[in-house]
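Reading through the structure tokens given below for one structure.
What follows is calculated from the coordinates using simple rules that are stated; it is not laboratory data. Treat the numbers as computed from the prediction; the structure is a model and nothing was measured. Every residue, glycine as well, gets a Cβ built from its backbone with ideal geometry; the counts of neighbours run over all protein chains shown.
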Amino acid sequence: MKLLIYLVIIFHENMLVFICASNEENYLCSKTPTGSSNNNCENVNDTYTCYENIPAELPPNSTRVELHCIDPMSITNETFRGGGWERITYLRLFWNGQSSNTLSGGIFTGLKHLTALHINMVSLETLDKGVLDGLTNLTILNLDDCWQLNFNNFLDIMSNEDVLPNLHSLALRKTSSNNNYNVILGDRFWKILKRPVKSLDISEMKVNAYDFRILDTDDSFGRTLEIFNLSRISTFNVLNSFRSETRALQNLKAIDLSRIFNEGQRRDALFWCSPVTRSRPNVHDMRSIVNNTGWTKLLENVDTIYMDQMCGDAETLSPLIFQHIKNVSYCSEEGESVMSNLKQLYLRKNNIRVLDAEVRIDMLSSMEFIDFSENGLEYIHPVILKNFHSLKHLKLSNNRLGQMQLRNESNFVRLFRSLSYLEHIKLDNNGIYSIPPLTFAGNTRLTTLDLESNMITVLTCVLIEVPSLRHLNLRNNRLTIIQSSTIDCLTKIPSVEVAMGGNELTCQKCSDYSSVQSLLKAKALIADFDELRCETQTHVQVKVTTDLLTSLRFDCYRTGIIGATVASTVAFVSALCVGISLRRYKRKLQQREDRMVRVVANLYQGNGFAVYMIYSSVDEVFVRSAVVAPLNETLKHVVGVERDLVCIGDEQFRVGWNIYREIYRCMERSNVAVVVISEGFANSVFCDQELDIAMQLKKPVILLLKGDVDINQHSEHIQLLYRTNVRILFEYEGNKLVLKTTWDKICESFLQMG
């Protein structure tokens, strides 16, 4: 269960990882010697770009230069002197050839105004002493993709505090990653951060070990760090790696921990990413204390965390399922604050499918932004969102919450109700088929509602619940008509702007007249009105115009004339049909009464039972006292007998006989089967077998719900019965379960169904 808290504040010993866009060119540099002319040079986006050439003279006013396929060995101390090179503020050197290379010392000393240096050379192995000398104005150093660089050689150069004294950004993505885990992020590395470094990228590096303990002893290291890119690092020697315990990085604001388990070899990666361990069912009554030490202390000032694709490619990943998690809480020690500055959390593409977890986490109250897009999410328990009291932005794009709406509409309606500060919500592409009343009843500050690319067919007037709404996106749904009441409702919301292009609107017949009229009436508030199209009787897509409305009005007049002509005939036929229908209805009532009489007579003669009870043994006391006793007495009064008419297996089964033959015998002699749905029933294999036998014998099955029941815990057949048939309800009033109807009505239904 510790997984859930990891998804919010996770900072395990093996974590070292961030995001970085790949910049690798898709061509291989040749071994052609580097020239010194202006051939093969051009201006690209205000950057003077050369291929296999280093220009001796730069065009006037050039301040940015990129040199592609430049052999490092051809660069000397004189290469970047004169010829306008002194004006350069940005320089990038790219080489992806295979030969080993070295950059010589002093080669950049002529670049007095250089502020950004990108050295992206796959085969670069060595940096000579003094290579970075003279770059006092440099603020950005990028060594991405220097796979073969000797990392200790780089640390030797940076150990001189006079080198790059004004460095603000250091990028080392994949640096030294081809050298069999020889990188150690120890004291010498962290001393680089004595400079005013604000952005550090060490993503996709292969690290032997790390040691953060120096950060505890000297708070000058990393004091200015604001952005830390830590994605997809692989750490080989975890047992000899050490974290800091008491240090907080004062100015760190954003950290990316995406793809931290991508390699899939470490213990925690196997724990989170293995198909065997990604299903977490049945955890109850657990309380954990989260201490403000280690990673949580180090990152206590962070306001943004990226945790996308934690286990790599979500398309090949088994779904993560939390199911039947109840009464679980994570809290900080009294008087301590853990991650209290966290404002934004990204959890995209993690294939988190089900979050059926009543979990309370007291450290999340400051969260204002959550992005849960592209997870295939089918269920979120409303209790989870109650943790985010301050949430303003919620992105749930490209999930499957339409499944939650189908299976548990009551929880879907309650899902967002606790988010009283919510301003923006994205629910696009979720398979949602309608907006039930009260769905956004608690979101009075909501200004943006994005429902694009769902399956909504009818828009009812429920948005009056969100008076502050300014933007409503209904594009690419399945709306066919627009009711005038909906338009009237939207016009009452000041300044609302609606987008609804891409829907399947119809204008085929007279009945579509009011829909087209409503659209024209709402032209001012529909932002993409010019994109609206509707389908005519000839299946042609046309614009919504006043001419179209006139055409539909003519159809209505023509229909009215034809209707008047046949009115008398229709009246006669209708009267005849009504007479026949009344006769059939009376016959049906008589048949129902006759069936009830036969059932009562059969029971009166001592044949069988009215009801067979299916229930879990954990509900024994409730069933016998609150159900069987009053039901049996009412049935005996109606039938007029003194024998038991409710079958309970333990009392009616014959001792020594095969238990399944006895279930068949008693079930066959019973008119209906009543299934008591509770938490205990969901875990009872025997109850499932009794229900199967009832279905085989085609007995009517009635559900009896004991208190608040999560129907998603039960079989698909029970879920179908729950959605389609009327149930017997026992609900709590105070601490007592109370029947919501009468036993007389229940008995009458049982006898009519027999």
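Among Asp71, Asp216, which comes first, then next, by fewest other beta-carbon atoms within 10 Å?
Asp216, Asp71
Which FRET efficiency value, to the nearest 0.05, do you get for Arg445 and Val726 by plugging their Cβ-Cβ distance into 1/(1 + (r/R0)^6) with R0 = 25 Å?
0.05
Run the simple label-point estimate for Leu697 and Thr246 please: 7 Å along Cα→C-beta, distance reported in nm.
In this crude label model, Leu697 to Thr246 measures out at 7.4 nm.
Take Met310, Met404 and order them by how many other Cβ atoms sit within 10 Å, fewest up front.
Ascending number of Cβ neighbours within 10 Å: Met404, Met310.
Extending each Cα 7 Å along its Cβ direction at His471 and Asn735, get the distance between those two points in nm, one decimal.
Here the answer is 5.1 nm between the modelled labels.
What does the extension gain come out to for Lys543 and Ile464, with contour length at 0.36 nm per residue minus their alpha carbon separation?
Length difference between fully extended and current span is 25.6 nm.
For Thr175, Thr235, Thr304, Thr76, what's the fewest-to-most ordering of other Cβ within 10 Å of each Cβ?
Arranged by neighbour count, lowest to highest, Thr175, Thr235, Thr304, Thr76 become Thr76, Thr304, Thr235, Thr175.
Helix 546-565 against the longest principal axis of the chain: what's the angle in degrees, Cα atoms only, rounded to the nearest 10?
Tilt of helix 546-565: around 10 degrees.
Figure the gain on full extension for Glu716 and Gln483 (residue separation times 0.36 nm, minus the Cα-Cα span) and round it to one decimal in nm.
80.4 nm
What distance in nm separates the two pseudo spin-label positions at Val621 and Trp657, each 7 Å out from Cα along the beta-carbon direction?
Rounded to a tenth, the inter-label distance reads 3.2 nm.
Using per-residue counts of other Cβ atoms within 10 Å, averaged over each peptide, order 422-430, 538-546 from highest down.
Ranked by mean Cβ neighbours within 10 Å, highest first: 422-430, 538-546.
Too long at a 27 Å Cα-Cα cut-off: which of Lys636/Lys740; Lys194/Lys253; Lys426/Lys492; Lys326/Lys698; Lys326/Lys736?
Lys326/Lys698
What value in Å³ per residue do you get for the convex hull of the alpha-carbon atoms in region 479-563?
87 Å³
When we measure straight from the Cα of Lys206, which aspartates and glutamates land under 14 angstrom away, once same-chain ones fewer than 8 places off are left out?
The reachable aspartates and glutamates, counting only those whose Cα sits under 14 Å from Lys206, are Asp144, Asp145, Glu263.
Of the DSSP beta bridges with both residues in region 607-753, give the percent that are antiparallel, rounding to the nearest 5.
Within region 607-753, antiparallel bridges account for around 20 percent of the total.
Can you report the principal axis dimensions of region 607-753 using only the alpha carbons, biggest first, rounded to whole angstrom?
Cα spread of region 607-753 along its principal axes, largest to smallest: 40, 33, 28 Å.
For Lys509, give me every one of the lysines with a C-alpha distance below 26 angstrom, ignoring sequence neighbours fewer than eight places off in its own chain.
Leaving aside lysines fewer than 8 places away in the same chain, those within reach of Lys509 are Lys521, Lys523, Lys543.
Efficiency by 1/(1 + (r/R0)^6): what FRET value for Ser274 and Tyr181, r their Cβ-Cβ distance, R0 = 30 Å, to the nearest 0.05?
In this case the efficiency is close to 0.80.
For the chain, what is the mean residue ellipticity at 222 nm derived from helices alone (per DSSP H run of n ≥ 4: -39500 (n - 2.57); sum divided by total residues; nearest 500 deg cm²/dmol)?
-7000 deg cm²/dmol
Given Thr109, His393, Asn454, which one lies farthest toward the positive end of the charge dipole of the chain, if we put +1 on the Cβ of every Lys and Arg and -1 on the Cβ of every Asp and Glu?
About the Cα centre, the residue reaching furthest to the positive side is Asn454.
Between [x] 68, 38, 22; [y] 56, 41, 30; [z] 41, 29, 28, which entry matches semi-axes √(5λ) of the Cα gyration tensor in Å as derived from the coordinates of this structure?
Derived directly from the coordinates: [x].
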